[in-house]
């Protein structure tokens with residue numbers, strides 16, 4: 001995948017999603033996409049294979065999130081997988097600190113490599129830990145010294161399962177974010193819902209904040 005083509009695709013997401021992408025960040029996002037594509041050849045990071053699908057999967061949700069997360073937040077991303085939307089979010093928002101939580105050792109190795117390559121190790125770290133889908137959250141945070149103020153997850157849990165898990169990682173009343181490909185269904189109503197469309201494929205997306 002050529003970097004110039006990736007940058008063009010990434011920039012094409014900007015206007016439909018009403019987002020800002022500084023030139024230097026666009027280059028970093030393209031570098032991240034290249035890393036995902038390279039590592040995806042030898043390990044299962046994402047089902048997206050062509051450059052258009054890859055750019056949407058990696059960046060579209062992050063561009064919407066960048067306009068939602070509060071200033072100077074400490075964000076925990078549970079079930080980070082290939083690093084999206086967490087890593088793109090931290091590139092777009094340099095005021096944020098982050099923790100990527102992922103159960104698979106190989107993916108954690110990839111995430112740490114990306115953070116090093118992209119210059120994010122000073123404010124983003126990786127924790128290898130499983131978060132149970134049935135039962136209470138772990139008694140301790142994945143990294144005890146990291147005190148998140150926002151918890152988010154995409155495609156790892158159903159909203160009804162994720163909400164109590166996310167709330168268990170946060171101070172009382174701190175926001176829990178859900179990103180989904182279907183209308184949000186949970187026991188309680190979200191404080192904010194954003195419905196949007198991935199510009200290149202036309203897929204519908206929902207972002208909820210509880």
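Data table
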| read-out | value |
| --- | --- |
| Residues of segment 37-67 satisfying the condition of being over 13 Å from the mean Cα position of the chain (by Cα) and within 15 Å of residue 154 (Cβ to Cβ) | 45, 46, 47, 48 |
| Among residues of segment 1-25, those that are surrounded by 14 or more Cβ atoms within 10 Å (Cβ to Cβ) and part of a loop (DSSP other than H, G, I, E, B), counted | 7 |
| Unique residue being at pLDDT below 95, outside any strand (DSSP E or B) and either within 14 Å of the chain's Cα centre (by Cα) or crowded, with 18+ Cβ neighbours inside 10 Å (or both) when the list is 142, 183, 171 | 142 |
| Residue in segment 115-125 that is out of contact with any strand residue (DSSP E or B) (no Cβ under 8 Å at 6 or more places or on another chain), in a helix (DSSP H, G or I), within 24 Å of residue 54 (Cα to Cα) and at pLDDT 95 or above present | yes |
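The values are calculated or read from the model by the stated rules, or taken from the named source; none is laboratory data. What you see is a predicted model, and the numbers here were worked out from it, not measured in a lab. In this analysis, Cβ positions are derived from the backbone assuming ideal geometry, glycine residues included, and neighbour counts consider all displayed protein chains.
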